[in-house]
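Chemist: My structure is below; once you've seen it, I'll send some questions.
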Amino acid sequence: MKSNSYSKVFLLVATVLGSILLFILWQVEVNDTSFIRNSVWKTMIAVIFFISFPALFSIKRWGKGTKPQSILDNLKLYAGLLLFLSFFGYMLLITLVKFLPGPVTIITAQYHHVTGGGKGCSGVQIFEPELLRSINVCRPSGNRFRNNTIKITKRSNILGIVVLSASTSLTVYPVSVFPLETQN
């Protein structure tokens, strides 16, 4: 073995483990609390399809190996490119939703308990009036099995919403939406 091979292996292992840790932190802190508007989601899909054709031809021209010749090879390359662009486009978009500023509001809503699984976390499911769909709020504070009213503090922006905090309460709130008052 070469004398510097251990340092390269250590650097590779540290990079892979660090990337896995960053992905898990991103999943818990950003992806579980941010929700994209449907119109933004559809726009992202259209942009990915629009960008993928020129990218496909530039990859075919730029690559140094054997060029894909058959239709099946081109379809495989195009499908891989779509998956790659979709994954990183989603990560970028959901991260932008998390960190863009916007007005903070408090809503109260009726919920029902949902269990965690492969597609989501354990928490509650509510109907979000701004997004016009049901969302899962992960790990709200309070006893979510006793009552069915939850108070959610959220931040809205042009791309979607971010749930800042959620707590169940024994007090029954009327279901409403009201802005959070700021103190100067």
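The values are calculated or read from the model by the stated rules, or taken from the named source; none is laboratory data. Just so it is clear, the structure is predicted and the values come from calculations on it, not from any experiment. For neighbour counting, all protein chains shown are included, and Cβ atoms are generated from backbone atoms with ideal geometry for every residue, glycine included. Side chains included, ligands, DNA and RNA excluded: accessible areas come from the protein's heavy atoms. Shrake-Rupley method; radii C 1.70, N 1.55, O 1.52, S 1.80 Å.
Chemist: Per the helix-only calculation at 222 nm, which mean residue ellipticity applies to the chain, given -39500 (n - 2.57) for every DSSP H run of n ≥ 4 and division by its residues, nearest 500 deg cm²/dmol?
Modeler: -14500 deg cm²/dmol
Chemist: Moving on to the next point. Using only the alpha-carbon atoms, how far is helix 71-99 inclined from the longest principal axis of the chain? Give it as 0 to 90 degrees, nearest 10.
Modeler: Approximately 40 degrees, to the nearest 10.
Chemist: What's the magnitude of the charge dipole for the chain around its Cα centre, counting Lys and Arg as +1 and Asp and Glu as -1 at the beta-carbon? Answer in Debye, nearest 20.
Modeler: Here the chain has a charge dipole of around 600 debye.
Chemist: Continuing with this model, one more query. Across the range 125-135, in residue order, what do the Karplus-derived ³J(HN,Hα) couplings come to in whole Hz, using 6.51 cos²θ - 1.76 cosθ + 1.60 with θ = phi - 60° and x for Gly and Pro?
Modeler: Those phi angles translate into 10, 10, 8, 8, x, 6, 8, 6, 7, 7, 10 Hz.
Chemist: Nearest 10 degrees is fine. How inclined is helix 5-26 to the longest principal axis of the chain, computing both from alpha carbons?
Modeler: 30 degrees
Chemist: Need one number: nm distance between label points at residue 147 and residue 15, each 7 Å from Cα along Cα→Cβ, rounded to one decimal.
Modeler: The two pseudo-label positions are separated by 5.1 nm.
Chemist: When only alpha-carbon atoms count, how far does the chain stretch along each of its three principal axes, as whole angstroms with the largest first?
Modeler: Principal-axis extents of the chain (Cα, largest first): 67, 45, 39 Å.
Chemist: Now for a different question. Multiplying the sequence separation of residue 64 and residue 84 by 0.36 nm and subtracting their Cα-Cα distance, what value in nm do you get?
Modeler: 5.2 nm
Chemist: Where is the GNM fluctuation largest for the chain (alpha-carbon springs, 10 angstrom cutoff): 59, 45, 107?
Modeler: 59
Chemist: Compute the long axis of helix 38-62 from its Cα atoms, compare it with the longest principal axis of the Cα atoms of the chain, and write down the angle in degrees, 0 to 90, nearest 10.
Modeler: Roughly 10 degrees, rounded to the nearest 10.
Chemist: When a/c is below 1.5 the answer is rounded, else prolate if a/b is larger than b/c, else oblate, so apply that to the range 1-82 with a ≥ b ≥ c taken from the square roots of the Cα gyration tensor eigenvalues.
Modeler: oblate
Chemist: Return one whole number: the accessible area per residue of the chain in Å², for a 1.4 Å probe.
Modeler: Accessible area per residue: 68 Å².
Chemist: If I stretch the segment between residue 43 and residue 76 completely, what's the gain in nm (0.36 nm per residue apart, minus their alpha carbon distance), one decimal?
Modeler: So the extension gain works out to 9.5 nm.
Chemist: Right, here's the next one. With the cut-off at 1.5 for a/c, could you classify the range 61-100 from its C-alpha gyration tensor as rounded, prolate or oblate?
Modeler: In terms of gyration-tensor shape, prolate.
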